[in-house]
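Asker: Handing you this structure, nothing more for now.
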Amino acid sequence: MNRLHDKFSRRARVATGGAVLAVVALAGFGAVSANASAPATTPGTTAAVTSAEAPDRATTTSTHLTIDAATRAAQAALDAADKENQRVTVAVVDRNGNTIVTLRGDGAGPQSYESAERKAFTAVAWNAPTSQLAERLEQAPNLKDIPGTLFLAGGVPVTADKTPIAGIGVAGAPSGALDEKFAQAGANAVAR
């Protein structure tokens, strides 16, 4: 053994050992990679299914307003308010109440931003104009306690096949009737 040891220099022994370690490491990595990419099976068994296909009756499809349609609706509502020299904020939310677009008109009050979003959410959640919902508070005053809602006139739903797909809320005009008139102008722009 000493003869062999003496025959190779220290540098040659280190290089040879490093090469052997590299080969072993690469072989081990290849084995792990192969095992990670293919499910393990034993003779006579099949691989386990890693996902399941949901049957059609377990899913639903919903219709959503596009960003272009939401922007067109918000701009139409803002334009209707501008024609009457009203400073408002317009919010358009999707079926789930998530804001798609909000346009704050020049000079609109700081409270109008949140109010417009809440009116839009309320309109889509109940598929009714918020002026009608405000009237329902007389019979069910606890409705106003539902988070995110605002039962003041100024919100209208947008529907597809009578199903709510969005809500448009306007806030900032001196009356809820004006807010709702502008919101309806936005909804009408979607229908065109």
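Asker: Can you sort Ile146, Ile168 by how many other beta carbons sit within 10 Å, fewest first?
Answerer: Ile146, Ile168
Asker: Grab the Cα-Cα distance for Ala191 and Asn142, subtract it from 0.36 nm times how many residues apart they are, and report the gain in nm with one decimal.
Answerer: This chain segment gains 14.3 nm when fully extended.
Asker: Could you calculate the contour length gain from Ala58 to Arg87, that is, 0.36 nm times the residue separation minus the distance between their Cα atoms, to one decimal place in nm?
Answerer: Extending this stretch completely gives an extra 5.8 nm.
Asker: Using a 10 Å cut-off around each Cβ, can you sort Asp68, Asp79 from fewest to most neighbouring Cβ atoms?
Answerer: Neighbour counts put them in this order, fewest first: Asp68, Asp79.
Asker: Based on the alpha-carbon gyration tensor of the stretch 67-191 and its eigenvalue square roots a ≥ b ≥ c, which shape applies: rounded if a/c is under 1.5, prolate if not and a/b is larger than b/c, or oblate?
Answerer: Judged from the Cα gyration tensor, the stretch 67-191 comes out oblate (a/c at least 1.5, b/c at or above a/b).
Asker: Moving on. Using a 10 Å cut-off on Cβ atoms, rank the peptides 157-164, 57-64 from the highest mean neighbour count down.
Answerer: Ranked by mean Cβ neighbours within 10 Å, highest first: 157-164, 57-64.
Asker: For the stretch 73-158, state which GluC sites (Glu not before Pro) are in a DSSP loop and have at most 15 other beta carbons lying within 10 Å of their beta carbon.
Answerer: Glu84, Glu138
Asker: Assuming R0 = 41 Å, what is the FRET efficiency of Asp106 and Lys162, from their Cβ-Cβ distance, to the nearest 0.05?
Answerer: 0.70
Asker: Can you tell me the FRET efficiency between Thr50 and Glu114 if r is taken as the Cβ-Cβ distance and R0 is 45 Å, rounded to the nearest 0.05?
Answerer: Step by step, r from the Cβ atoms, then E = 0.50.
Coordinate-derived values only; no laboratory data. Keep in mind that what you see is a predicted model, and the values were worked out from it rather than measured. Every residue, glycine as well, gets a Cβ built from its backbone with ideal geometry; the counts of neighbours run over all protein chains shown.
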